[in-house]
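Q: Dropping the structure in here first, questions after.
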């Protein structure tokens, strides 16, 4: 369902952008509906790509956080010589 909301949201932005551009040009807003559909599809496709790019980035960030946590945990463990020196 989140993919649909991204695609629909970006598609709506495409439609609104097309309407705004035609309004600035003072052209009829609903004269060529194919242009609206093309704009909505293009922006919806961008929304589809953006959703999965966001998912990939979130997964990479989470993986990097786990790597950093493992490195920090390894650095906090005392080595064998230091551990024995503390016991004597």
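Q: Which condition from (1) at pLDDT 95 or above; (2) not in a helix (DSSP H, G or I) is the one that residue 63 breaks?
A: (2)
Q: It is to be established whether one or more residues within the stretch 1-11 are loosely packed, with under 10 Cβ neighbours inside 10 Å and within 21 Å of the chain's Cα centre (by Cα).
A: Taking every residue of the stretch 1-11 in turn, at least one turns out to be loosely packed, with under 10 Cβ neighbours inside 10 Å and within 21 Å of the chain's Cα centre (by Cα).
Q: Please verify whether the stretch 24-34 includes one or more residues that are part of a helix (DSSP H, G or I) and at pLDDT below 95. Before the answer, list the steps.
A: As a first pass, look at the stretch 24-34 and keep what is part of a helix (DSSP H, G or I): 24, 33-34.
Those left that are additionally at pLDDT below 95: 33-34.
For the stretch 24-34, residues part of a helix (DSSP H, G or I) and at pLDDT below 95: present.
Q: Give the residues of the stretch 27-56 that are exposed (fewer than 14 other Cβ atoms within 10 Å of the Cβ) and under 15 Å from the mean Cα position of the chain (by Cα), sorted by residue number.
A: 49, 52, 53, 54, 55, 56
The values are calculated or read from the model by the stated rules, or taken from the named source; none is laboratory data. Since we're looking at a predicted model, the values are computed, not measured. Positions of Cβ are backbone-derived with ideal geometry, glycine not excepted, and every protein chain shown enters the neighbour counts.
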